[in-house]
Structures are given as structure tokens and as C-alpha cells.
Amino acid sequence: HGARYGDDLSDPFLVDTALDIFAGQRPERAYYQVDDVLDTSMSVALVLDESSSMLDTVQMGGRRTQLIKVATRIMIAIVEPLDRLGIPVQATGFRNGKYRNVQRNPAEKGRHHRHEGHVTDVFKLFEERFDAVKWRFANTRGMGGTPMADGMQFGLDSLNFRPEGHRVMFVVTDGCPSGGQDVIKWQLRTAKEAGILVIGVGLGEPAKYVKTLFPDYVWSRNFGDFPTLLLDKLNTLIDLTASKRGQRMASRV
């Protein structure tokens, strides 16, 4: 006896363990085995493009329907099962906002990237249960431009302070952003450094752009494929390391 690790139980340590149990304390002396533990903790932010192009109609299930309705169903198909599993998940949408062409005014280059306000619609926060707020998902809409960088930043800021070992953000869009690609590239780089995985989700042929914008993406022409594709993607995200748990993104100067 005397070894804290091994193949045999130690009689003296077993006695001490029994005394601890009778005293209502946690035993620490008996033989125990150390194994690798799979860290499955995860938090997910889902960001939805609510630009005016989402009002276009598409073919799904043998009938025509608005793309925003398809996107809303996809969003619910991801949020609801994650919520039931106890995984903190947040769902937001971005709309309005116009980006400035900084080349038109060199004096303002680098100072800001947008010259009109944008709106972030919050459908669910991390601490809220889906059943309590599911009525909000009926309020998705399509209007204005595609201020993707700003919509992404809201999701990244929220994930930045989550303690889970795996932090993931899905960006659901039907096309390319209105501008701010340089900002998005910076966001993707700093998110990767902080251990946050950003996945672009492209809806239909016009959204094939996600293949070039996002290092990791899900894209299909068939809208009915997305719930399965996204859940399959989630299943591939769990790893043994989660080495950047809670690491913060770098600030932009």
C-alpha cells in the first residue's frame, strides 16, 4: 500500500475510505484509475441573414415558399434539439445597414465600414428555454441589405465569454454580404485564434459564395437537406482537446 495508483486496492486506504464515507466526506484514498475524459460541453450561436432577398420564393416539397420561411425552419431544426439536450444556444438575425465604399473617401478609410444603422433581432438567448420563446421565431423578416459582419460580431461577442469547451457559430445566409469582407476576414482569423469555430451555411445556388468566404461551411441546392447536414456537422465538432476553452478573441485596433 502507499501507492495512489495501481492495479491492486490498498487495505489501509480502503479503511480510510470507509471512514470518510461514514463521516459524509468525499473519499480520495482508494485506488482509482485516471482516464482521458471527453469534453462534450458546447455552446452554439446561430446568426440568420434577414436581408430583403430572403423574401424570394424557392421550390421546396413540391410547392413554392419564401426563403425566409425555409431559413426559419432550418434555424428551429437546430435550436430546438440543442436546447432539449441542455446545450446553451443563441439565435439572432441581422438586417438593414449599408456599407461604405471606403475607396470613395480615402480620408475615412479604416475608421468605419458602415454608414447606416443595422438591426439585430434576438430570437433566443443562451439562458432562455426554447419552449418559452419559440413564438419569437414567427417574427423573422426580410428587409434591407446584408450587414453580415455586424451580425457575426453580435454572435462572436456572445460566444466570447462562454466557458464551454466547444464554441460554434453558424451563419445562415442566401448570398454574399453587402460589404465589409475585410472585417469578416479579420473576424474569422481572430475567432479561430480564440478557438471559436465559424461555419457558413449557404442556402441555394446564390449562396455558393460561402465556399470561398468561410473556411468551414455547409451548402446545398436542396433546402430539405439542411437540418440533417447541420446536425451531422455538429456531430463532427466534438474532440478530445477543447484546449482553448473560454479564450477571448483579440481586440481590433
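The values are calculated or read from the model by the stated rules, or taken from the named source; none is laboratory data. All values reported here derive from a predicted model rather than from experimental measurement. When we count neighbours, we look across all protein chains shown, and the Cβ atoms used for this are built from the backbone with ideal geometry, even at glycine. In case anyone asks, the SASA skips ligands and DNA or RNA and just uses the protein heavy atoms, side chains included. Shrake-Rupley method; radii C 1.70, N 1.55, O 1.52, S 1.80 Å.
Mind checking whether some residue in the range 214-232 is open to solvent by less than 20 Å² (accessible area, probe 1.4 Å), in a loop (DSSP other than H, G, I, E, B), farther than 20 Å from GLN66 by Cβ and at pLDDT 75 or above?
Yes, the range 214-232 contains a residue that is open to solvent by less than 20 Å² (accessible area, probe 1.4 Å), in a loop (DSSP other than H, G, I, E, B), farther than 20 Å from GLN66 by Cβ and at pLDDT 75 or above.
What's the number of the condition TYR99 fails, among (1) among the hydroxyl-bearing types (Ser, Thr, Tyr); (2) within 16 Å of the chain's Cα centre (by Cα); (3) at pLDDT below 85?
Going through (1) among the hydroxyl-bearing types (Ser, Thr, Tyr); (2) within 16 Å of the chain's Cα centre (by Cα); (3) at pLDDT below 85 one by one, TYR99 breaks only (2).
Restricted to the range 69-81, and to residues that are touching a residue at least 60 places away in the same chain (Cβ under 8 Å) and open to solvent by less than 10 Å² (accessible area, probe 1.4 Å), which residue is farthest from GLY142 (Cα to Cα)?
Checked the range 69-81; the qualifying residue farthest from GLY142 (Cα to Cα) is ILE78.
So which of GLY165, GLY144 is modelled with pLDDT under 90, of a type outside the set (Val, Ile, Thr) and either open to solvent by less than 10 Å² (accessible area, probe 1.4 Å) or within 26 Å of PRO88 (Cα to Cα) (or both)? Give the derivation first.
Values: GLY144 fails: either open to solvent by less than 10 Å² (accessible area, probe 1.4 Å) or within 26 Å of PRO88 (Cα to Cα) (or both).
Just a single option satisfies the conditions, and that option is GLY165.
Tell me yes or no: at least one residue of the range 192-209 is open to solvent by less than 20 Å² (accessible area, probe 1.4 Å), farther than 19 Å from ALA71 by Cβ and modelled with pLDDT of 80 or more.
Scanning the range 192-209 turns up at least one residue that is open to solvent by less than 20 Å² (accessible area, probe 1.4 Å), farther than 19 Å from ALA71 by Cβ and modelled with pLDDT of 80 or more.
For the range 217-228, indicate whether the set of residues that are of a type in the set (A, V, I, L, M, F, W, C) and either over 17 Å from ILE74 (Cα atoms) or free of Cβ contacts under 8 Å to residues at least 12 places away in the same chain (or both) is non-empty.
If we filter the range 217-228 for residues that are of a type in the set (A, V, I, L, M, F, W, C), which is where we start, we get 218-219, 223, 226.
Checking which are either over 17 Å from ILE74 (Cα atoms) or free of Cβ contacts under 8 Å to residues at least 12 places away in the same chain (or both) leaves us with none.
Checked the range 217-228: no residue is of a type in the set (A, V, I, L, M, F, W, C) and either over 17 Å from ILE74 (Cα atoms) or free of Cβ contacts under 8 Å to residues at least 12 places away in the same chain (or both).
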